[in-house]
Structure formats: C-alpha cells, structure tokens
1. Pull out all pairs, ordered by first then second residue, where Cβ-Cβ is under 6 Å, the residues are six or more apart or on different chains, the first lies in the range 144-158 and is free of Cβ contacts under 8 Å to residues at least 12 places away in the same chain, and the second is assigned to a loop (DSSP other than H, G, I, E, B) and open to solvent by less than 60 Å² (accessible area, probe 1.4 Å).
2. Quick check, is Arg65 among the basic types (Lys, Arg) and within 14 Å of the ligand (Cβ to nearest atom)?
3. Given the conditions (1) surrounded by 13 or more Cβ atoms within 10 Å (Cβ to Cβ); (2) farther than 24 Å from Ser21 by Cα; (3) acidic (Asp, Glu), report the number of the one that Glu207 does not fulfil.
4. Out of curiosity, is Gly241 touching a residue at least 24 places away in the same chain (Cβ under 8 Å) and crowded, with 22+ Cβ neighbours inside 10 Å?
5. Take the residues in the range 74-124 that are basic (Lys, Arg) and in a helix (DSSP H, G or I); name whichever of them is farthest from the ligand (Cβ to nearest atom).
6. From the list Ser201, Ser219, which one is in contact with a Phe, Trp or Tyr (Cβ under 9 Å, 6 or more places away or on another chain), part of a loop (DSSP other than H, G, I, E, B) and open to solvent by 30 Å² or more (accessible area, probe 1.4 Å)?
7. If you take the residues of the range 146-176 that are in a helix (DSSP H, G or I) and either in contact with a Gly (Cβ under 9 Å, 6 or more places away or on another chain) or at positive phi (or both), which of them is nearest to the ligand (Cβ to nearest atom)?
8. Which members of the range 23-40 meet the condition of being within 13 Å of the ligand (Cβ to nearest atom) and assigned to a helix (DSSP H, G or I)?
Amino acid sequence: MAGDEAVVRAELGLDTTVSHSARIWNYWLGGKDNYAVDRIAGDRVAQMLPIIVTQARADRAFLGRAIRHLVGEEGIRQFLDIGTGLPTAENTHEVAQRIAPETRIVYVDNDPLVLVHARALLTSAPEGVCDYVEGDLRDPDQILDKAARTLEFSKPVALMLFGVLHHIPDTEEVYRIVDRLVGALAPGSFLAINHSTSAISGQAMEEAVRHWNAVGTPSMTLRTPEQIARFFEGLDLLSPGVVSCSRWRPDTGPDGDLPAEVDEFGGVARKP
Ligand SMILES: C[S@@+](CC[C@H](N)C(=O)[O-])C[C@H]1O[C@@H](n2cnc3c(N)ncnc32)[C@H](O)[C@@H]1O
C-alpha cells in the first residue's frame with residue numbers, strides 16, 4: 001500500500017495487529033496481500049495441519065470447476081459471490097467471463113481490505129460487469145438490495161458461498177441467512193457452497209481451528225457433512241452431492257486416480 005500506510009489502514013478501519021481470515025487465506029494461496037501477523041498465524045496453523053494449504057487450493061479449484069459447469073453447461077450469466085476474499089488467480093469473473101464475457105458478477109465482502117483490492121484488480125470484461133458491495137452476510141437483505149443494482153433477480157443467479165458460512169457461529173442463524181438468500185433467487189438459479197469440516201482430519205483440524213479462534217478473526221465453526229447438506233434442503237443437488245470439494249467432479253489424471261479428500265465439503269444445487 002503506497003503513501004502513509006498507517007493513515008490508509010486507519011481510514012480503511014484495518015487492524016493489522018490481528019490476523020484475518022482473508023489475508024491468511026491469501027497467504028496460503030501464495031498471494032502477497034497479507035501482513036506479518038497473518039503469516040505467523042498461517043504458518044502456525046499449517047504446522048498443526050499441514051494439509052491446510054492443499055485444502056485452500058482445493059477450495060479454489062472447486063470454485064473454478066463449479067463456475068465452469070454453471071456457465072458452460074447451465075447457461076448461468078449472473079453471479080453473487082459472497083465472502084469474495086482477496087483477489088487471487090482464477091477469480092469468479094475471470095473463469096466465468098472466459099466462457100461468457102457478458103457475465104455479470106457482484107462481489108461481496110465485509111473486509112475493507114478485500115474491497116479495496118477487489119475494486120482495483122477484479123475488473124470486468126467490457127461486455128460484462130463486476131460490482132463490489134461492502135456487505136455482511138449477517139444482513140442478507142442489505143446484500144440483496146445492493147446486488148440488485150447489477151443483477152436481475154427475476155433471472156437465474158448463481159449464489160456462491162465459498163469459505164464464508166463457517167464464519168457464522170450460530171448454525172440456526174446461518175441456515176436462516178442462506179434460506180433468505182436462496183428465497184430471493186428465481187427458479188433455475190443455483191446455490192454453490194464450500195464449508196470447513198473435520199470429517200477427514202478429525203482432531204488435527206479441530207485443534208487448528210481452536211488455535212485460529214484464539215488468534216484470528218472472524219471465528220470459525222466447523223460443521224459436519226450432514227449439517228452442510230442441510231443448506232441444500234428443497235433444492236435439486238447436482239451429482240455427486242455434498243462431498244469433499246477435491247472430489248466434486250475432479251479432473252482426474254491419466255491413471256484415473258482421485259485426488260485426496262480435504263476438510264472442505266461442498267456441493268452445487270439448482271433451485272427448482
Ligand atoms: C476464507 S476467505 C474465502 C475466500 C473465497 N471465497 C475462497 O473460497 O477462496 C473468507 C472470506 O469471507 C469474508 N467474510 C467473513 N465473514 C464475513 C461476513 N460475515 N460477511 C461477508 N464476508 C465475510 C472474509 O473477509 C474473507 O474474505
């Protein structure tokens with residue numbers, strides 16, 4: 001960040017003394033938009049749970065496969081991506097607009113740093129649109145209002161909730177939020193979710209998350225694959241259902257080997 005960095009940080013409301021989810025995620029993905037406090041916390045979690053870096057990259061790869069399917073096979077041209085994260089390689093609009101340049105994307109995050117970087121770096125193809133909304137998932141109505149500047153909710157929209165639902169601690173509240181958002185979507189819309197669990201690494205993942213909750217913000221709440229499947233109730237879940245994200249329609253190697261499972265479970269479903 002150029003100029004008087006301390007002033008810029010203060011104006012943005014950034015607290016660089018506390019590690020933050022978006023910046024640690026960026027660090028694990030090999031990005032540069034993170035501070036010393038994030039790298040220390042990220043390294044500590046990676047010591048406790050070495051698979052975390054593979055897991056973060058599997059999440060992004062799943063995001064790419066889901067978007068390619070939604071745009072290429074299902075004809076989706078509108079995305080609402082909540083919990084965008086710091087720009088990295090293969091962001092939602094890049095994957096979507098490579099197939100259909102006219103695709104419209106609304107990115108939503110509640111971290112001011114994410115929005116500053118998103119506005120600068122997530123630039124749309126001329127045929128399409130990228131909009132950036134500072135919004136909190138806990139206020140879905142406000143997100144829907146602001147997203148309506150760019151998206152036509154009378155037409156299908158793909159709602160992407162990747163790596164964000166586990167930042168809402170109350171399980172009943174997070175179900176209500178997702179139900180509210182999905183309720184606003186037209187028939188033929190899609191819901192795509194990726195959510196942390198401990199189904200694969202068990203105690204190691206639980207301890208890493210306990211450590212994260214002691215040093216980082218926002219807190220994380222792990223949920224079981226069954227709890228994650230509940231988000232899709234009432235929707236038509238695409239095959240293979242709710243699975244470890246590395247196993248959602250994976251690109252298999254020439255020997256047909258499946259990638260190892262990771263503790264991020266997700267799925268994609270159509271609103272009937
Ligand atoms: C782990 S990153 C995931 C980024 C990206 N979606 C991905 O899967 O690679 C989580 C993102 O969710 C954002 N976030 C956390 N809680 C949020 C909330 N209540 N409302 C909106 N965004 C939130 C964080 O700022 C961060 O950018």
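The values are calculated or read from the model by the stated rules, or taken from the named source; none is laboratory data. Everything quoted here is computed from the prediction, not taken from an experiment. Every residue, glycine among them, receives a Cβ derived from its backbone with ideal geometry; neighbour counts consider all protein chains shown. We work out accessible area using only protein heavy atoms, side chains counted, and drop any ligands, DNA or RNA first. Shrake-Rupley method; radii C 1.70, N 1.55, O 1.52, S 1.80 Å.
1. Taking only residues 6 or more apart or on different chains, not a single pair turns up.
2. Working: among the basic types (Lys, Arg): yes; within 14 Å of the ligand (Cβ to nearest atom): yes.
Yes.
3. So the condition that Glu207 fails would be (2).
4. No: the conditions fail for Gly241.
5. Here the residue is Arg98.
6. On the way: Ser201 fails: in contact with a Phe, Trp or Tyr (Cβ under 9 Å, 6 or more places away or on another chain).
From the options Ser201, Ser219, the qualifying one is Ser219.
7. Within the range 146-176, the first condition is being in a helix (DSSP H, G or I), and the residues that meet it are 146-147, 165-167, 171-176.
Those still in the list that are either in contact with a Gly (Cβ under 9 Å, 6 or more places away or on another chain) or at positive phi (or both) too: 146-147, 165, 167.
Working: Lys146: 12, Ala147: 13, Leu165: 9, His167: 4 Å.
Across the range 146-176, the extreme among qualifying residues is His167.
8. Initial filter on the range 23-40 (within 13 Å of the ligand (Cβ to nearest atom)): 23-31, 33-34, 38.
Those that are within 13 Å of the ligand (Cβ to nearest atom) and assigned to a helix (DSSP H, G or I): Arg23, Ile24, Trp25, Asn26, Tyr27, Trp28, Asp38.
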